[in-house]
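Colleague: Here you go, one structure.
The values are calculated or read from the model by the stated rules, or taken from the named source; none is laboratory data. These figures come from a predicted structure and were not determined experimentally. Reconstructed Cβ throughout: ideal geometry from the backbone, glycine too, with neighbour counts over all protein chains shown.
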Amino acid sequence: MSAPTRKLAAILAAEVVGYSRLMGEDQARTLDALRQLRKELFEPVVDEYRGNVVKRMGDGWIVEFASVSDAVDCAIRFQLGLADHEFIRLRAGIHIGEVVFEDEDVFGEGVNVAARLEELAEPGEVLISDTVHNSLDEKSAQQFGGGDSQDLKNIARPVQVWRWPVVSDTDAVATTGSEDAPVPLPDKPSIAVLPFNNMSGDPEQEYFADGMAEDIITGLSRFGSLLVIARNSTFSFKGQSIGVKQVAETLGVRYVLEGSIRKGGERIRVTAQLIDADSGNHIWADRFDREVADIFAVQDEVTGAIIAAIAPEIDQFEIERSRRKLPAELDAWDLYQKGLAAYHRSVSMDFISSIDTFDQATQLDPEFALAWAMAALARTQYVLNGQSKDRGMLIREAREKVQMALRLSPRDPLCVLADGTVHSYYGEHQIGIAKLQDAIKLNPNLALAYLLLGQARDAAGQYEETIAATDEFVRLSPRDVEICKVLTMRAYSLLHLHRFAEAAETAYRAMHAPNPTVWAFVSYGICLFYLGRKEDAKLALDEVYSKFPDFSQAHVLEALHHHDPEHVRREIDALRELGVPD
C-alpha cells in the first residue's frame, strides 16, 4: 500500500453521455466506438497536452494536468473531435484544487468539484470553475460564457460556472437533435426522487437509504397536484454519476429531489435537496440529525418531514411560475395556481378572485378535479371570512362543485377534504369530521387537511381536538402561508376553554404571522376583554376597522353560524361591550 501523495492540480472529469442507454441499445457497437475513440482521439490528445489519466471508468476519465490551459485546451479538443461523431457525446468539467493520490485512486476537492461541473454540463459542453477561468489568459477566457453562481451537490460553497461553447438561443434550437430531445413536461408539476446516497461506507445503511427514497415516492404520490415518477424509473440511475438536468430531461420532470445519509456511531444524518431542473437552483434543502434508537421510526419521521416540507415549496414555486406568464398564455393549471395564490391571501376581495379563477380553470378543463375541489373550498372560506352577501347561495354552489370533484376523482384527498368541509358548513359535523379523517388517511402529510379538520372540530365544539389538529398542522408545515388561520383557530379554542391568557398569547402570535387576517385581531380583542383589559382590546379592534371598516356583530354571526350558539353568544357579548355595532 503506497503512502498518500498530495498536490495541487488541474483536474478534468469527462463522461460519455447516455452510456447505459447506448450499451442497452447496442453494446458491441458502443464498445467498438469507445475503443476506437480512445485510440485515435482521447489518448493522443491527453499525451499532446501532457495530461495523466489517473482514473478510468467504463464511461469516463479523470485526467490530471500541471497546467490549467493544457486541461482546458485538451477538453475543447475532445469536444471538437466528437462534434461530427454519429452517436458518442461527451461532457466535461475542470477545476483546480488539492488532490490526494492513494492506492491507484485520486480524491480531494479538485476531483469533487470537477465531477460536479461535469454533471451540470450539457452534451458537448466544457464547464470550468471561476478558479480555472481566472487562471486563463484573456483570449482563452473569452471562449467561455456565463459566470453564474451554482450550488453544487456536497460542495460547501457556491461555485461560479463558465461554459464552452457560448451558445445563443438560436444555435441551441438548431443543434438539438430529435433523438436526444427531452421528454415533454406534463401540465402539472412533476418530480423524480433519486435514490439517496449512502455516505456511511456501511452496506447495511443501503437499505435505509433506498427505503427513504421509496417512502418519499409513495408519500408524494398521494398529492393529486403532483406527477411522481415511479420507483423503477428513478432507481435506474442508482450508482450513476449523472447531472440533475439530464435526469429531468430523460424522465420528463420539472423537479428533482436528491439526498444522502451518513451514519456515525448512534446518530444518523439525512440531507435532502429539492432542485428546479430548469435552472439547477435549489428550491429547498434541509438536514435531519437523529439518534438511531429505532431505525424504522427515524425513517418514518424524517420521510414525513421531507414530504411535508417539499410539497408546499413546489406549490409556491408553481404559483410564482404562473405569475410570470402573460394572461394569453395561461392554461387551466396556471389558473389553478393563480387561484391558490389569491385563496391563501385570505382577504375578502381575494376570496372573490380565487372563486372566479378556479371557476375559469374548470371551464377551461372540465375534467380538472382539483380545480372543482378548490372552487368549493374557496366558497366555504369566503363564508367563514364573514363578508359574503349570500351565504346560502355560496354553500349550495360549494356542494355542487364538490360533487363534480368527487365524480372525477373520488379518492383524491383534496376532493374528500372539500366534501367533508361542505358537510360541516351544513351543520353535519360528524359526517364532515369523518370525511376529513378519511382524507388524512389518504394523505397523512397534507397539512391543509389538519386546518380543515380543526375548523370542523371547532364548529362541533370539540376544542381540545381542535388544538390537537392545529399542533399537527404546525408540526407538518411550520412556515405555511396558512399559519395565521391555524393560530387564530387555536386561540378561539383556548378562549372557549376559558384559557384566556394562553388564548391571548396565541392570538398575538397570529397577528404577527405572515399574511395576518382580521380574525386574528378580533380574537385578540375578545381575549383581552375577558382578561379585563378593555382599553387594549379596543386598540386591537381599531386594527380590525382599518382593514375592514364595516365590521359588525352581524359579520361574526354570519361567519360562525354553524358553531356552538353559546360560545358565539359570548363572543358577541364581548364585542358589544367593546362598542362593535350590530
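Colleague: Scanning for something of a type in the set (D, E, K, R) and closer than 30 Å to Asp278 by Cα, does region 98-114 turn up at least one residue? Steps first, please.
Modeller: Narrowing region 98-114 to residues of a type in the set (D, E, K, R): 98, 102-105, 109.
Pick out the ones that are also closer than 30 Å to Asp278 by Cα and you get 109.
Looking through region 98-114, at least one residue is of a type in the set (D, E, K, R) and closer than 30 Å to Asp278 by Cα.
Colleague: When you go through (1) more than 27 Å from Ala520 (Cβ to Cβ); (2) of a type in the set (Asp, Glu); (3) in a helix (DSSP H, G or I) one by one for Glu367, which number turns out not to apply?
Modeller: The single condition Glu367 does not satisfy is (3).
Colleague: Could you tell me whether any residue of region 116-130 is in contact with a Ser or Thr (Cβ under 7 Å, 6 or more places away or on another chain), at pLDDT 85 or above, in a helix (DSSP H, G or I) and buried (at least 19 other Cβ atoms within 10 Å of the Cβ)?
Modeller: Yes: one or more hits.
Colleague: Counting only residues that are more than 26 Å from Gln360 (Cα to Cα) and charged (D, E, K, R), give me the helices (runs of 4 or more DSSP H) lying completely in region 376-464 with at least 1 of them.
Modeller: 429-442, 447-459
Colleague: Could you figure out which of (1) assigned to a helix (DSSP H, G or I); (2) in the same structural domain as Ile229 (by TED's automatic domain parsing); (3) more than 27 Å from Pro444 (Cα to Cα); (4) of a type in the set (Gly, Ala, Ser) isn't true of Ser279?
Modeller: In the conditions (1) assigned to a helix (DSSP H, G or I); (2) in the same structural domain as Ile229 (by TED's automatic domain parsing); (3) more than 27 Å from Pro444 (Cα to Cα); (4) of a type in the set (Gly, Ala, Ser), Ser279 misses (1) alone.
Colleague: So for region 505-528 (the condition being more than 23 Å from Ser477 (Cα to Cα) and not in a helix (DSSP H, G or I)), does at least one residue qualify?
Modeller: Filtering region 505-528 for residues more than 23 Å from Ser477 (Cα to Cα) gives 522, 524-528.
With the extra rule that they be not in a helix (DSSP H, G or I), the set shrinks to none.
Scanning region 505-528, I find no residue that is more than 23 Å from Ser477 (Cα to Cα) and not in a helix (DSSP H, G or I), so the answer is no.
Colleague: Looking only at region 1-33, filter to residues that are in a helix (DSSP H, G or I) and either outside the structural domain of Val46 (by TED's automatic domain parsing) or among the hydrophobic types (A, V, I, L, M, F, W, C) (or both); which one of those is farthest from Ile94 (Cα to Cα)? Working first, answer last.
Modeller: First pass over region 1-33, keeping only residues in a helix (DSSP H, G or I): 19-25, 27-33.
Checking the rest, the ones that are also either outside the structural domain of Val46 (by TED's automatic domain parsing) or among the hydrophobic types (A, V, I, L, M, F, W, C) (or both) come to 22-23, 28, 31, 33.
Values: Leu22: 25, Met23: 26, Ala28: 30, Leu31: 26, Ala33: 25 Å.
Once the filter is applied, the top-ranked residue is Ala28.
Colleague: If a residue must be outside any helix (DSSP H, G or I), surrounded by 15 or more Cβ atoms within 10 Å (Cβ to Cβ) and within 39 Å of the chain's Cα centre (by Cα), how many such residues does region 56-86 contain? Write out each step before concluding.
Modeller: Let us first name the residues in region 56-86 that are outside any helix (DSSP H, G or I), namely 56-67, 83-86.
Now restrict to residues that are surrounded by 15 or more Cβ atoms within 10 Å (Cβ to Cβ): 59-65, 67.
Subsequent filtering for residues that are within 39 Å of the chain's Cα centre (by Cα) retains 59-64.
Of the residues in that region, 6 qualify.
Colleague: Filter region 471-492 down to the residues that are at pLDDT below 90 and of a type in the set (Val, Ile, Thr) and list them by number.
Modeller: Of everything in region 471-492, those that are at pLDDT below 90 and of a type in the set (Val, Ile, Thr) turn out to be Val474, Val481, Ile483.
Colleague: Can you name every residue in region 282-322 that is assigned to a helix (DSSP H, G or I) and within 20 Å of Lys338 (Cβ to Cβ)?
Modeller: Hits for region 282-322 are Ala311, Pro312, Glu313, Ile314, Asp315, Gln316, Phe317, Glu318, Ile319, Glu320, Arg321, Ser322.
Colleague: Which of the residues spanning region 203-236 are modelled with pLDDT under 80 and among the acidic types (Asp, Glu)?
Modeller: Glu204, Glu206 - these are the residues of region 203-236 that are modelled with pLDDT under 80 and among the acidic types (Asp, Glu).
Colleague: I want to confirm something. Restricting to region 461-491 and keeping residues that are under 20 Å from Val568 (Cβ atoms) and touching a residue at least 40 places away in the same chain (Cβ under 8 Å), which single residue is surrounded by the most Cβ atoms within 10 Å (Cβ to Cβ)?
Modeller: Once the filter is applied, the top-ranked residue is Lys485.
Colleague: Which members of region 147-173 meet the condition of being over 14 Å from Asn112 (Cα atoms), surrounded by 16 or more Cβ atoms within 10 Å (Cβ to Cβ) and either at pLDDT below 80 or among the basic types (Lys, Arg) (or both)?
Modeller: Of everything in region 147-173, those that are over 14 Å from Asn112 (Cα atoms), surrounded by 16 or more Cβ atoms within 10 Å (Cβ to Cβ) and either at pLDDT below 80 or among the basic types (Lys, Arg) (or both) turn out to be Arg163, Val167.
For every residue, the table says whether it meets (1) of a type outside the set (Phe, Trp, Tyr); (2) at pLDDT below 90; (3) touching an Asp or Glu at 6+ places or on another chain (Cβ under 9 Å).
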site: Gly18; (1), (2), (3): yes, yes, yes
site: Arg29; (1), (2), (3): yes, yes, no
site: Ala33; (1), (2), (3): yes, yes, yes
site: Gln36; (1), (2), (3): yes, yes, no
site: Arg50; (1), (2), (3): yes, no, yes
site: Ile76; (1), (2), (3): yes, no, no
site: Leu82; (1), (2), (3): yes, yes, no
site: Val113; (1), (2), (3): yes, no, no
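Colleague: Within region 553-582, how many residues turn out to be assigned to a helix (DSSP H, G or I) and more than 16 Å from Tyr382 (Cα to Cα)?
Modeller: Final tally of qualifying residues: 14.
Colleague: Looking for something of a type in the set (A, V, I, L, M, F, W, C), modelled with pLDDT under 80 and under 15 Å from Phe208 (Cα atoms) - is there at least one such residue anywhere in region 282-294?
Modeller: The first filter runs over region 282-294 and keeps only residues of a type in the set (A, V, I, L, M, F, W, C), leaving 283-285, 288, 292-293.
From what is left, the residues that are modelled with pLDDT under 80 are 292-293.
Pick out the ones that are also under 15 Å from Phe208 (Cα atoms) and you get 292-293.
Yes, region 282-294 contains at least one residue that is of a type in the set (A, V, I, L, M, F, W, C), modelled with pLDDT under 80 and under 15 Å from Phe208 (Cα atoms).
Colleague: Hey, another quick one. Tell me whether region 438-459 contains one or more residues that are touching a helix residue (DSSP H, G or I) at 6+ places or on another chain (Cβ under 7 Å), touching a residue at least 12 places away in the same chain (Cβ under 8 Å), surrounded by fewer than 19 Cβ atoms within 10 Å (Cβ to Cβ) and farther than 19 Å from Ser523 by Cα.
Modeller: yes
Colleague: Oh, and also: Filter region 90-111 down to the residues that are outside any strand (DSSP E or B) and either not assigned by TED's automatic domain parsing to the domain that holds Asp73 or not small (Gly, Ala, Ser) (or both), then identify the one that is modelled with the highest pLDDT. Walk me through how you get there before you give the answer.
Modeller: Initially, region 90-111 is screened for residues outside any strand (DSSP E or B), giving 103-104, 108-111.
Next cut, either not assigned by TED's automatic domain parsing to the domain that holds Asp73 or not small (Gly, Ala, Ser) (or both) only: 103-104, 109, 111.
Details: Asp103: 65, Glu104: 65, Glu109: 84, Val111: 89.
Of everything passing the filter in region 90-111, Val111 is modelled with the highest pLDDT.
Colleague: Continuing with this model, one more query. Taking interchain pairs and intrachain pairs at least six residues apart, which have beta carbon atoms under 8 angstrom, with the first residue in region 535-552 and in a loop (DSSP other than H, G, I, E, B) and the second of a type in the set (Asp, Glu) and surrounded by fewer than 20 Cβ atoms within 10 Å (Cβ to Cβ)?
Modeller: Ser552/Asp582
Colleague: Is it true that Ala468 is in the same structural domain as Trp519 (by TED's automatic domain parsing), at pLDDT 90 or above and over 24 Å from Ser225 (Cα atoms)? Please lay out each step first, then the result.
Modeller: Details: in the same structural domain as Trp519 (by TED's automatic domain parsing): no; at pLDDT 90 or above: yes; over 24 Å from Ser225 (Cα atoms): yes.
Answer is no for this residue.
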